[in-house]
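Data first, discussion second: the structure below is written as structure tokens.
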Amino acid sequence: MKMENTTFNVRAYGRTELGQMYSPDVAAETAWRRLRLWIARYPGLTERLKETGYSARQRMFTPAQTMLIVEALGEP
């Protein structure tokens, strides 16, 4: 749960962990699928992630990848 006046901590996140931060009201697998869909639909985000070494098979987002996601989608 996000509190007022807090900032998002950019670090490595598991893909499901980050998905659940964006969609805490759904099951873990659904949260990851939803995040994956948002990433795919955001113009240029997939390409920028790939420039950092992102692969659809990886289980963790690096801090740099997390920052790109947060810049595109906003803080969870």
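Summary of computed values
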quantity: Filter result (over 10 Å from the mean Cα position of the chain (by Cα) and not in a helix (DSSP H, G or I)) within the range 63-76; calculated: none
quantity: Of all residues in the range 21-67 being open to solvent by 90 Å² or more (accessible area, probe 1.4 Å) and touching a strand residue (DSSP E or B) at 6+ places or on another chain (Cβ under 7 Å), the one that is farthest from Thr7 (Cα to Cα); calculated: Arg59
quantity: One residue from Arg48, Arg33, Arg15 being over 12 Å from the mean Cα position of the chain (by Cα) and charged (D, E, K, R); calculated: Arg48
quantity: Hits in the range 1-58 (condition: of a type in the set (D, E, K, R), part of a loop (DSSP other than H, G, I, E, B) and at pLDDT 95 or above); calculated: Arg11, Asp25
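The values are calculated or read from the model by the stated rules, or taken from the named source; none is laboratory data. What you are looking at is a predicted structure, and each value in this text was computed from that prediction instead of being measured. So basically every Cβ, Gly included, is an ideal-geometry build from the backbone, and we count neighbours across all protein chains shown. These accessible areas exclude ligands, DNA and RNA; they are computed on the full protein's heavy atoms, side chains included. Shrake-Rupley method; radii C 1.70, N 1.55, O 1.52, S 1.80 Å.
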